[in-house]
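The values are calculated or read from the model by the stated rules, or taken from the named source; none is laboratory data. Because the structure is a prediction, the values reported are computed rather than measured. Cβ placement follows ideal geometry from the backbone for every residue including glycine, while neighbour counts extend to all protein chains displayed. For the accessible areas, the whole protein counts, side chains as well, though only heavy atoms, and no ligand, DNA or RNA atoms are used. Shrake-Rupley method; radii C 1.70, N 1.55, O 1.52, S 1.80 Å.
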Amino acid sequence: MKIGYRQLIEDAEREVETLSPAQAIALCNDPDVVLVDLRDIRELQREGKVPGAFHAPRGMLEFWVDPDSPYHKPVFSSGRRFVFYCQSGWRSALATQAVQRMGLPRVAHVGGGFTAWKAAGGAVETVERH
């Protein structure tokens, strides 16, 4: 293997803005910021999520961001700042790099992910099973 996941994450981290959990918590009530949870729905149901976060499964993100995609979600054309998170900050680093390369402005991710968010005292809401 030429490049493993660790190298991909390190490369992404050099290209994107990483927020500490405390910085992300401070943005929670900012109407200009959308926190985006990239985790699988089973992770949200098991552990909860950041209150008010928009759920965008990692596998659909690029399709939801691209306005030319039939799957586009208007929230990504809102001009707001996006802060992505996953469980430990790996998927969110890669996702932030991808959408930044796609041209989505004002993006960052939470270093350490939802695990670090909870450890820093960030609020958590439960997600119901459907």
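Structure data summary
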| read-out | value |
| --- | --- |
| The range 23-40, residues that are surrounded by 13 or more Cβ atoms within 10 Å (Cβ to Cβ) and either assigned to a loop (DSSP other than H, G, I, E, B) or at pLDDT below 95 (or both) | Leu27, Cys28, Leu38, Arg39, Asp40 |
| Qualifying residue in the range 69-80 (condition: free of Cβ contacts under 8 Å to residues at least 60 places away in the same chain, in a helix (DSSP H, G or I) and under 16 Å from Ala116 (Cβ atoms)) | no |
| Count - residues of the range 102-117 that are in contact (Cβ under 8 Å) with a residue 40 or more places away in the chain and not aliphatic (A, V, I, L, M) | 5 |
| Matching residues in the range 44-60 - criterion: being part of a helix (DSSP H, G or I), free of Cβ contacts under 8 Å to residues at least 60 places away in the same chain and of a type outside the set (Lys, Arg) | Gly59, Met60 |
| All positions within the range 98-123 that are β-branched (Val, Ile, Thr) and crowded, with 20+ Cβ neighbours inside 10 Å | Val99, Val107, Val110 |
| Complete set of residues in the range 10-22 that are under 14 Å from the mean Cα position of the chain (by Cα) and open to solvent by 30 Å² or more (accessible area, probe 1.4 Å) | Glu13, Glu17, Thr18, Ser20 |
| Residue match in the range 81-89 (condition: open to solvent by 50 Å² or more (accessible area, probe 1.4 Å) and either in contact with a helix residue (DSSP H, G or I) (Cβ under 7 Å, 6 or more places away or on another chain) or acidic (Asp, Glu) (or both)) | yes |
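Quick grid of which residues meet (1) in contact with a helix residue (DSSP H, G or I) (Cβ under 9 Å, 6 or more places away or on another chain); (2) part of a helix (DSSP H, G or I):
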{"residue": "Phe63", "(1), (2)": "no, yes"}
{"residue": "Pro67", "(1), (2)": "yes, no"}
{"residue": "Gln97", "(1), (2)": "yes, yes"}
{"residue": "His109", "(1), (2)": "yes, no"}
{"residue": "Lys118", "(1), (2)": "yes, yes"}
{"residue": "Gly121", "(1), (2)": "yes, no"}
